[in-house]
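J.: Here it is, the structure, as structure tokens.
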Amino acid sequence: MKLLIQRVANARVEVAGEVVGSIDQGLLALVGIEPQDDLASLARALHKLLNYRVFSDDAGKMNRSLKDVGGGLLLVSQFTLAAETKSGMRPSFSSAAPPAQGAALFDGLVELARAEHPQVATGRFGADMQVHLVNDGPVTFLLEV
């Protein structure tokens, strides 16, 4: 599983002009699910998302987590993160999980997140989404779990 996380001042996802998920300060996580991912991958991913220290403490150091700051978590499924891009001039998506597996695991991640964190929003799996964000920093990390 690949997670592209961005520390945001705010973010929202729209589908056909309708806002389907939004947060204020927190993390936007673009989630790329791969065939080998399973329930254990979801648990590791959620632990990272909630505890990865990317928010500033009083001294200005990245020493606080999403849990520490009580920020929002916006989860957006993005199969293109799992693309093979090392060769050629067109991405291959054979390394991404099939849609049914991806949807089930993404839904599982959302369910786990909502059980552990009070502010969780999502995009819509498989939809044509427009993601709007104000990247705070900018701070962006690619996590592989």
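J.: Antiparallel as a % of all DSSP beta bridges within the chain, to the nearest 5? All intermediate terms of the calculation are to be shown ahead of the outcome.
T.: Values: 27 of 36 bridges.
Antiparallel bridges make up about 75 percent of those DSSP assigns within the chain.
J.: With θ set to phi - 60°, apply the Karplus curve 6.51 cos²θ - 1.76 cosθ + 1.60 along segment 129-145 and write out the HN-Hα couplings as whole Hz, x wherever there is a Gly or Pro.
T.: With the stated coefficients, segment 129-145 comes to 10, 10, 9, 10, 8, 10, 6, 8, x, x, 10, 9, 9, 9, 9, 10, 10 Hz.
J.: If you don't mind, another one. Arranged by the count of other C-beta atoms within 10 angstrom, fewest first, what order do 67, 61 take?
T.: Working: 67 16, 61 10.
Least to most surrounded, the residues fall as 61, 67.
J.: Using a 7 Å offset from the Cα along the Cα-to-Cβ direction at both residue 144 and residue 44, what is the distance between the two label points in nm, to one decimal?
T.: Taking the simple label geometry, residue 144 and residue 44 are separated by 1.1 nm.
J.: Related question: With N set to the residue count of segment 2-140, report its C-alpha Rg divided by 2.2 N^0.38 Å to two decimal places. Walk me through the numbers on the way to the answer.
T.: Working: Rg = 15.0 Å, N = 139, 2.2 N^0.38 = 14.3 Å.
Dividing the Cα Rg of segment 2-140 by 2.2 N^0.38 Å gives 1.05.
J.: Which one, 46, 73, 139, is farthest towards the positive end of the dipole of segment 2-140 when Lys and Arg carry +1 and Asp and Glu -1 on their Cβ?
T.: Positive-end residue among those listed: 139.
J.: Provide the FRET efficiency to the nearest 0.05 for the residue 89-residue 124 pair, computing r from the beta carbons and using R0 = 30 Å.
T.: Values: r = 30 Å, r/R0 = 1.00.
For R0 = 30 Å, the calculated efficiency reads 0.50.
J.: Each residue of segment 76-91 in order: what ³J(HN,Hα) in whole Hz does its phi give by Karplus 6.51 cos²θ - 1.76 cosθ + 1.60, θ = phi - 60°, with x for Gly and Pro?
T.: With the stated coefficients, segment 76-91 comes to 10, 5, 8, 4, 5, 5, 8, 5, 8, 10, 6, 10, x, 10, 9, x Hz.
J.: Next question. With axes computed from alpha carbons, what is the tilt in degrees of helix 99-116 against the longest principal axis of the chain, rounded to the nearest 10 within 0 to 90?
T.: On a 0 to 90 degree scale, this one is about 20.
J.: Quick one: which residues, 5 or more positions from residue 52 or on another chain, have an amide H under 5 Å from its amide H? H modelled 1.01 Å from N in the peptide plane, none for Pro or chain starts.
T.: Sorted by chain and number, the residues that satisfy this are 66.
J.: If you fit an axis through the alpha-carbon atoms of helix 39-51 and take the longest principal axis of the Cα set of the chain, what angle between them do you get, 0 to 90°, nearest 10?
T.: So the inclination is approximately 30 degrees.
J.: For segment 34-85, just say rounded, prolate or oblate: build the C-alpha gyration tensor, square-root its eigenvalues into a ≥ b ≥ c, call rounded for a/c under 1.5, and beyond that prolate if a/b exceeds b/c, oblate if not.
T.: On the way: a/c = 2.65, a/b = 2.05, b/c = 1.29.
It comes out prolate by the Cα gyration axes.
J.: What distance in nm separates the simple spin-label points at residue 134 and residue 59, each placed 7 Å from Cα in the Cβ direction?
T.: According to this spin-label approximation, the distance is 2.9 nm.
J.: When ranked by the protection proxy of mean other Cβ atoms within 10 Å per residue, highest first, what sequence do the peptides 31-42, 127-138, 3-14, 48-59 form? Don't skip to the end; give the middle numbers.
T.: Numbers: 31-42: 17.9, 127-138: 13.7, 3-14: 20.6, 48-59: 15.4.
Ranked by mean Cβ neighbours within 10 Å, highest first: 3-14, 31-42, 48-59, 127-138.
J.: Non-local amide H neighbours of residue 121 (under 5 Å, H modeled in plane, Pro and chain starts lacking H): which ones?
T.: Under 5 Å from the amide H of residue 121 lie the amide H atoms of 73, 74, 75, each far enough along the sequence or on another chain.
J.: Let me ask something else. Counting Lys and Arg as +1 and Asp and Glu as -1, what is the net charge of the other residues whose Cβ lies under 10 Å from the Cβ of residue 56? Walk me through the intermediate numbers first.
T.: Details: positive: 7, 53, 61, 64; negative: 57, 58, 136.
Taking every other residue near residue 56 into account, the sum is +1.
J.: Here's something else I'd like to know. Would you mind working out the magnitude of the charge dipole of segment 2-140 relative to its Cα centre, with +1 at each Lys and Arg C-beta and -1 at each Asp and Glu C-beta, to the nearest 20 Debye?
T.: Details: 13 positive and 15 negative charges, 71 e Å.
For segment 2-140, the charge dipole is close to 340 debye.
J.: Another question, if that's okay. Which residues' amide hydrogens lie under 5 Å from the amide hydrogen of residue 129, considering only partners 5 or more residues apart or on another chain, with H built in the peptide plane?
T.: Under 5 Å from the amide H of residue 129: no residue qualifies.
We did not get these values from a lab; they are worked out from the coordinates using the rules stated. All of these numbers come straight from a predicted model, not from anything done at the bench. All Cβ positions, glycine included, derive from the backbone under ideal geometry; neighbour counts span all protein chains shown.
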